Amino acid sequence: MDLFTERILDLAVKIQQISAPTFAEGPRAEFVLDQFVGQRLRDVSMDSLHNVFARLAGGDAAKPLIVSAHLDTVFPSSIQQAPSREAGRISGPGIGDNSLGVASLLGLIWRLQERSIALRGDVWLVANTCEEGVGDLRGMKTVVERFGADVSGYLIIEGTALGHVYHRAIGVRRYRVTARTAGGHSWSDYGQPSAVHELARLVTELTAMPVPSSPRTTLNVGVLSGGTGVNVLASDAMFELDVRSESVDTLAELTHELEARIWHARRDGVQIEMDVIGNRPAGEIPSDHRIVRLAAECLDEQGLTAILTSGSTDANVPLSRGIPAVVLGITTGGGAHTLHEYIDIAPIRKGMEQVVRFVERALNST
């Protein structure tokens, strides 16, 4: 392993060891801010959402390029599992999503400074919050509000997915559905409504709804909870529902039908409440857009064939507002969002080289 890759991995491991569940990214943000200060970058700051900013100064001939990586993870602070190395990989929760991505922000600076690459515009580095779960992309929404549309574009970095170029943003709608009843005893009050039973029937009904395979559309109940005891008719219960589609129209039609069915589940003695807890807007740039072609070319130079694809990422925000954005990965791996998550070490060198070349050419070929 070369020294540059080892340096990035060491930083990624340090980042991984700092707990950063969505809405509690502060300690990790402070660490990254200190790293930016140590590189003597300009305008280093942190906002109220714990987004961290730093500017690598370039010339005035090009609009600034925003390079970001999200700080948060899907894991609660109670999970503090140290990563392990074996057979060309590093394993550990959050190591790829997105500790390596955040570390690569520093790796980018190291390479640019090491090679004395002069840029025609500024590079703004952003370690942003609230990408995962019900964060609803609050961090990136604030970032895009700050910079507006007068930018060269956005490069969103993920630790894994090397070889993919995300240029289409899937629309996502998320709900929290709550049922409330009088409750009671499972024996003496048998026959009265149970909030758990009501929502179980509703979940079964909703997940049985047909969804199209083209445009690809999905529906998932990822959280279901309620009740206080095995012999109790539950007085309250809730589930969280995730709906997404490649088509804005399909998503709108499906969510309209879902909302109607949820409200129809109300009846005497059963209160149903529905709250929107996430709304990730859709958007895209065409496959022949300049920065998409550039991303593909940078991968090709590393001997990798670009796979143009769609996803739900921080890029949803700029893309939905007509601002050019792509997502690139640093390496390959697997087990994302599980305790067995891992990244492959060998591809990191190519992944970083792709990012360095993309940044240089995005600013210097405008």
Checklist entry - Among Thr160, Thr218, Thr228, whose mean-square fluctuation peaks in a Gaussian network model of the chain (Cα, cutoff 10 Å)? => result Thr228
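What are the semi-axes of the equivalent ellipsoid for the range 134-181, taken as the square roots of 5 times the Cα gyration tensor eigenvalues, largest first, in whole Å?
Details: eigenvalues 172, 64, 19 Å².
Ellipsoid half-lengths, sorted descending, are 29, 18, 10 Å.
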Checklist outcome for this item: For the range 1-156, percent of DSSP beta bridges that are antiparallel (nearest 5) comes out at 50
Item to check | Cα-Cα P(r), the range 90-249, percent of pairs per 5 Å interval | outcome: 2, 6, 11, 12, 14, 12, 10, 9, 8, 6, 4, 3, 2, 1, 0, 0
Checklist entry - How fast does the range 250-342 diffuse by Stokes-Einstein, in µm²/s, taking the Kirkwood radius from C-alpha pairs at 4 °C and 1.567 mPa s? => result 76
Checklist entry - How do Met274, Met140 rank by accessible surface area computed with a 1.4 Å probe, from largest to smallest? => result Met274, Met140
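Within the accessible area of the range 258-366, what % is carbon and sulfur when the probe is 1.4 Å and the other protein chains stay in place?
Numbers: 2240 of 4710 Å².
The nonpolar share, carbon plus sulfur, comes to 48 percent.
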Checklist outcome for this item: Computed, not fitted: 222 nm per-residue ellipticity of the chain from DSSP H runs ≥ 4 (each -39500 (n - 2.57)), nearest 500, equal to -10000 deg cm²/dmol
Next on the checklist: At 0.692 mPa s and 37 °C, plugging the Kirkwood radius over alpha-carbon pairs of the range 68-176 into Stokes-Einstein gives what diffusion coefficient in µm²/s?
Outcome noted: 203
Item to check | Förster-model FRET efficiency, 25 Å R0, Asp300 and Arg7, C-beta, rounded to 0.05 | outcome: 0.40
Next on the checklist: I'd like the projected area of the chain, averaged over all directions, using the convex hull of its alpha carbons. Report it in nm² with one decimal.
Outcome noted: 19.7
Item to check | Principal semi-axes in Å for the range 281-326 [√(5λ), Cα gyration tensor, largest first] | outcome: 21, 11, 8
Next on the checklist: Give me the percent of accessible area attributable to carbon and sulfur for the range 162-214, probe 1.4 angstrom.
Outcome noted: 53
Checklist entry - How much net charge surrounds Thr181 when only other residues with a Cβ under 15 Å from its Cβ are counted (Lys, Arg +1; Asp, Glu -1)? => result -1
Checklist entry - For the range 222-275, what are the per-bin percents of Cα-Cα distances with bins 10 Å wide, up to the bin holding the maximum? => result 19, 41, 28, 10, 2
Checklist entry - How much of the DSSP beta bridge set in the chain is antiparallel, as a percent to the nearest 5? => result 70
Checklist outcome for this item: Spelling it out for Gly333: with amide H atoms placed in the peptide plane at 1.01 Å from N, the residues 5 or more places away or on another chain with amide H under 5 Å from its amide H are Ala161, Asp344
Checklist outcome for this item: Listed residues Ser68, Ser104, Ser77; largest mean-square fluctuation, Gaussian network over the chain with Cα springs below 10 Å, found at Ser77
Checklist entry - When only alpha-carbon atoms count, how far does the range 168-226 stretch along each of its three principal axes, as whole angstroms with the largest first? => result 54, 18, 12
Next on the checklist: Quick check for you: which residues of the range 58-96 have the amide N under 18 Å from the point 7 Å beyond the Cα of Gln39 toward its beta carbon?
Outcome noted: 58-59, 64-72
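Let me check something: with ligands and nucleic acids excluded, how do Trp124, Trp263, Trp187 order by accessible area (1.4 Å probe), largest to smallest?
Trp187, Trp263, Trp124
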Checklist outcome for this item: With all protein chains present and a 1.4 Å probe, the order of His340, His164 from largest accessible area down is His340, His164
Checklist entry - Working out 0.36 nm times the residue gap between Ile117 and His185, then minus their Cα-Cα distance, what length gain in nm do you get to one decimal? => result 17.3 nm
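Based on the alpha-carbon gyration tensor of the range 309-354 and its eigenvalue square roots a ≥ b ≥ c, which shape applies: rounded if a/c is under 1.5, prolate if not and a/b is larger than b/c, or oblate?
Verdict is oblate for the range 309-354.
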Checklist entry - How about the range 197-303: which GluC sites (Glu not before Pro) there lie in a loop by DSSP and see at most 12 other Cβ atoms within 10 Å? => result none
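The values are calculated or read from the model by the stated rules, or taken from the named source; none is laboratory data. Everything quoted here is computed from the prediction, not taken from an experiment. Virtual Cβ from ideal backbone geometry, glycine too; neighbours counted across all protein chains shown. We work out accessible area using only protein heavy atoms, side chains counted, and drop any ligands, DNA or RNA first. Shrake-Rupley method; radii C 1.70, N 1.55, O 1.52, S 1.80 Å.
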